[in-house]
Structure formats: structure tokens, C-alpha cells
Amino acid sequence: MDTSATNETHVERQGARELVVTRLVNGPLPLVFKAWTTPELFRRWWIPASFGITILGFEMDIRTGGSYRLEMHHQASGQTMTFFGTYQEVVPLERIVWTNDESEAGPVTTASFEARGDQTLVTVRDLYPSEAALDEAIASGSTGGWSEQLAQLEELLPAMAG
């Protein structure tokens, strides 16, 4: 697995309600998908380290119709946050679609995976219920961690391969 090159994460707004994140990840599709669908691996890369957030609890039943619950603690503010939702579609090695049900402004997220030799093109689409909901997510900074998250994912993959 070639990990010598650093790939850019592209985050762009598409239309009034959608945020699209793409990155070519240095790692084969089976390992990338496993890191997204195995709770002990997922919790190692999902939260950007710079955010100062600790995962207190994480449950994941990753199948169509399954659910997840992620409880986190922000050290600086002392605030505890809970995120939860359901998996609307899980297609192994191809796509995961989930809801973000913790608020009415939560998006439906689709993560798609495409093999590119020893790399994987990861595309994440957040479709918000309104333009205002996406505007608020961007303004709050909650959409700003993708580059760091996906870099952390990439750093985890060589250990998984070995």
C-alpha cells in the first residue's frame, strides 16, 4: 500500500442543501470499508484529534435498518453530545446511507466507496433538510473536520494491512 503521497480532501457545497466531501484515500477498498464499519476501528479515526473530543460510548449495528449511537465529550466546554440515527442502506464495499436524527436539521449522509487500484475514492454527501440547516452547520464549524478525519483514516490503514 503506497502511503507516500498525501491526498487532498475536497469539501464543496453543491446547491442549496448539499455538502460533498471527496478524497482519494491511500488504501484498498476492503480495508477502507472495514474501517468505516467496524466500531473499534471507526472510533479511532472518526473524531478529528484537534477538536478535543473524547468518545464516551459508541454502538453501531451497521446493516440496512440498523442504528448507531455516538456519545462524545468536549473537554474544553465540558459539554456531552449524542449523535444517533439509522442506516437506511448498507451495500458492502459500495455505499452506506444513514440519518442524523439528533436534530430536525440533521442531514442524510451517503458515503460511497470506489476502488482505484490500491486506493479508494471516498465520497460523502450530506443532504440537509433545508438551506438554513446547511448554512448553520457550516457556520458552526461542524462540517470543518473532514480533511483531518480522512487523514486519520488514512493513517490507520497501514496498521490494518499489517
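Laid out as a table, the results:
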quantity	calculated
Residue within region 150-161 that is polar (S, T, N, Q) and either outside any helix (DSSP H, G or I) or open to solvent by 60 Å² or more (accessible area, probe 1.4 Å) (or both) present	no
Answer residue from region 45-61, given it is surrounded by 17 or more Cβ atoms within 10 Å (Cβ to Cβ) and not in a strand (DSSP E or B) and is modelled with the highest pLDDT among those	TRP45
Residue count, region 62-75 (criterion: outside any strand (DSSP E or B) and either among the polar types (S, T, N, Q) or out of contact with any helix residue (DSSP H, G or I) (no Cβ under 9 Å at 6 or more places or on another chain) (or both))	5
Unmet criterion (only one of (1) under 20 Å from GLU18 (Cα atoms); (2) open to solvent by less than 70 Å² (accessible area, probe 1.4 Å); (3) under 15 Å from the mean Cα position of the chain (by Cα)) for LEU127	(2)
Close pairs (8 angstrom Cβ cut-off, 6 or more residues apart or separate chains): of a type in the set (Val, Ile, Thr) in region 62-76, open to solvent by 70 Å² or more (accessible area, probe 1.4 Å) anywhere	THR64/GLN88
Hey, GLN75 more than 16 Å from the chain's Cα centre (by Cα) and open to solvent by 70 Å² or more (accessible area, probe 1.4 Å) or not	yes
Search result, residues across region 119-132 that are out of contact with any Phe, Trp or Tyr (no Cβ under 7 Å at 6 or more places or on another chain) and either modelled with pLDDT under 95 or among the hydroxyl-bearing types (Ser, Thr, Tyr) (or both)	THR123, TYR128, SER130
Residue match in region 113-124 (condition: more than 23 Å from PHE51 (Cα to Cα), open to solvent by 40 Å² or more (accessible area, probe 1.4 Å) and among the small types (Gly, Ala, Ser))	yes
Some residue of region 20-42 being more than 13 Å from the chain's Cα centre (by Cα), at pLDDT 95 or above and more than 21 Å from LEU156 (Cβ to Cβ)	no
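The values are calculated or read from the model by the stated rules, or taken from the named source; none is laboratory data. Quick caveat, the model's predicted, so the values are computed rather than measured. No Cβ is skipped: glycine too gets one built from the backbone with ideal geometry, and neighbour counts run over all protein chains shown. All accessible areas refer to the heavy atoms of the entire protein, side chains included, with ligands and DNA or RNA removed. Shrake-Rupley method; radii C 1.70, N 1.55, O 1.52, S 1.80 Å.
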